[in-house]
Amino acid sequence: MPERTEQMTAPEGEEASGSIAYQIGDALYLNITNACTLVCEFCPKTQGDWVVKGHYLDLDRNPSFDEVVAAIGDPEPYREVVFCGLGEPTLRFDMLKQVARWLKERGAVVRLNTDGLASLVHGRDVLPELAGLIDVVSVSLNAQNEELYNHHCQPNRAGAYDACKDFIREAGEHIPEVVATALEGLPGIDIDECQRIAEEELGARMRRRFYGRVG
Ligand code: SF4
């Protein structure tokens, strides 16, 4: 997710509904839902802050496929297009696949930033359905054990931590690049152990992020 700002409400003059597509650097980010399976204490949304890098992301409803595509316009100029808002994109799994397919038909590099809980939530292994649609998946591992994960992320389903690890472990069979992330500086988090788990147990690359920054 992009870097947060201190602003807590919509910037003056912006519409009440948040941005569906927003550019940061040379990447375009897609915000397709407000919904989450987790309530992460470190997430700006949990503190009521819906503005990241000057983009107001509080959606008043889930956008349709046509609205998402219209918000993207031409994907060609962007280095990558990333499913990532202040919500979990895989909770709109059919829409996610539909938009990803549209993007791949236009030659875009597509990344999915996710909590890694889609298979748990949808009750089936969803990873094969992402083959050919997603080039890079970035999964929030968040912690080195279930106790800390539950403490910081408050999942609304049992078994979330193990499901997230399974998702990371198996993602590489269907998606070319798999990255696990965790926040350095978050209380109790052993970032070196997170990296060891990601690399040695799950076969993923580790990307360290920093507590207080989203991005
Ligand atoms: S899953 Fe992502 S968007 Fe949802 S609460 Fe956690 S950090 Fe925020």
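Taking region 67-109 on its own, how many of its residues are in contact with a helix residue (DSSP H, G or I) (Cβ under 8 Å, 6 or more places away or on another chain), assigned to a helix (DSSP H, G or I) and of a type outside the set (S, T, N, Q)?
13
For Y161, state whether it is open to solvent by less than 10 Å² (accessible area, probe 1.4 Å) and more than 22 Å from E80 (Cβ to Cβ).
On the way: open to solvent by less than 10 Å² (accessible area, probe 1.4 Å): yes; more than 22 Å from E80 (Cβ to Cβ): yes.
Spelling it out, Y161 is indeed open to solvent by less than 10 Å² (accessible area, probe 1.4 Å) and more than 22 Å from E80 (Cβ to Cβ).
Could you grab the pairs with beta carbons closer than 8 Å, sequence gap of 6+ or different chains, first residue in region 86-100 and farther than 22 Å from W50 by Cβ, second one within 15 Å of the ligand (Cβ to nearest atom) and not acidic (D, E)?
Final answer for the pair search is F93/A118; A100/F83; A100/L112.
Residue check: is L38 touching a Lys or Arg at 6+ places or on another chain (Cβ under 6 Å), near the ligand (Cβ under 9 Å from one of its atoms) and open to solvent by less than 30 Å² (accessible area, probe 1.4 Å)? First the steps, then the outcome.
Numbers: touching a Lys or Arg at 6+ places or on another chain (Cβ under 6 Å): no; near the ligand (Cβ under 9 Å from one of its atoms): yes; open to solvent by less than 30 Å² (accessible area, probe 1.4 Å): yes.
No; evaluated as a whole, the condition is false for this residue.
Which of the helices (runs of 4 or more DSSP H) contained wholly in region 132-215 include at least 2 residues that are more than 16 Å from the ligand (Cβ to nearest atom) and of a type outside the set (D, E, K, R)?
Details: elements: 146-153, 160-171, 191-196.
It comes to 191-196.
Are any residues in region 44-94 small (G, A, S) and away from the ligand (no atom under 11 Å from the Cβ), and if so, which ones? Reasoning before the result, please.
As a first pass, look at region 44-94 and keep what is small (G, A, S): 48, 54, 64, 70-71, 73, 85, 87.
Answer for region 44-94, where residues must be small (G, A, S) and away from the ligand (no atom under 11 Å from the Cβ): G48, G54, S64, A70, A71, G73.
Considering A70, A180, A108, which residue is without any contact (Cβ under 8 Å) to a residue 40 or more places away in the chain, within 26 Å of K53 (Cβ to Cβ) and open to solvent by less than 60 Å² (accessible area, probe 1.4 Å)?
Numbers: A70 fails: open to solvent by less than 60 Å² (accessible area, probe 1.4 Å); A180 fails: without any contact (Cβ under 8 Å) to a residue 40 or more places away in the chain.
Of A70, A180, A108, the one residue that is without any contact (Cβ under 8 Å) to a residue 40 or more places away in the chain, within 26 Å of K53 (Cβ to Cβ) and open to solvent by less than 60 Å² (accessible area, probe 1.4 Å) is A108.
The values are calculated or read from the model by the stated rules, or taken from the named source; none is laboratory data. What you are looking at is a predicted structure, and each value in this text was computed from that prediction instead of being measured. Don't worry about glycine lacking a Cβ; one is built from the backbone with ideal geometry, like all the others, and counts go over all protein chains shown. Keep in mind that these areas ignore ligands, DNA and RNA; they rest on the heavy atoms of the full protein, side chains included. Shrake-Rupley method; radii C 1.70, N 1.55, O 1.52, S 1.80 Å.
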